[in-house]
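Nothing in this text is a laboratory measurement; each read-out follows from the coordinates by a stated rule. Source: prediction; values computed, not measured. Counting neighbours? That spans all protein chains shown, and the Cβs are built from the backbone with ideal geometry, glycine included.
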Amino acid sequence: MLTKPSVPGVAIKSAVPIHCDVHSRRFHRRYENIQIETFGHQTRKVDPIEVDASSLTSGTSLVVTWRDKRVVVRHRTEKEGKDGEAVNLADLKDPIARNANLPADAPATDANRAAPGKEAWIVMVQICTHLGCIPVGQEGDAGGWLCPCHGSQYDGAGRIRKGPAPENMAVPVFQFIPNTKIRIG
Ligand code: FES
């Protein structure tokens, strides 16, 4: 287990564990530094958790810990949303939404990766579905997340687009209460 290093200019209240048996501490430091844009942090052992996302402007993200998993909340840009909607479902490696708020066979449309009426927001377990590394946000060719371990690339809705990962990253049970506060679990 590695822990998040200090990042100049970014206030980090506590460490987030990073699980990876593949890479060195130095390797993960490099990528974690890239990933942080707006880093709000909250670690709770309770379930569900409530996340105040009111500070997230378009194009920023925060990370919380829920059930010992890293969950990213991203307020997507307009471009990210449009790019996601434009994806042909036939091109998806995993056609299932993997959204715990929807039926198990719901298709992986961009809208089905978000909450109704809140399509600009992605709430997702930020763990690669290949071997469990932590993908880096807003990296890679697919416009979303890049897993540094073996090169899996996810789009802006967290859908797997390239590489060995078999599934889209999981969307947990969540709901907005009512606007920019999010209950996860
Ligand atoms: S763990 Fe992410 S690509 Fe292998």
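Do we find that Cys128 is in contact with a Ser or Thr (Cβ under 6 Å, 6 or more places away or on another chain) and not aromatic (Phe, Trp, Tyr) in this structure? Taking the combined requirement at face value, the residue satisfies it.
For the range 110-134, the set of residues classified as under 16 Å from Glu167 (Cβ atoms) and either touching a Phe, Trp or Tyr at 6+ places or on another chain (Cβ under 6 Å) or not aliphatic (A, V, I, L, M) (or both) consists of Asn112, Arg113, Gln126, Cys128, Thr129, His130, Gly132, Cys133, listed by residue number. Of the residues making up the range 120-137, those that are surrounded by fewer than 17 Cβ atoms within 10 Å (Cβ to Cβ) and more than 16 Å from the ligand (Cβ to nearest atom) number 1.
Only one entry in Gly163, Gly140, Gly117, Gly151 is over 17 Å from Trp66 (Cβ atoms), loosely packed, with under 15 Cβ neighbours inside 10 Å and within 13 Å of the ligand (Cβ to nearest atom), namely Gly151.
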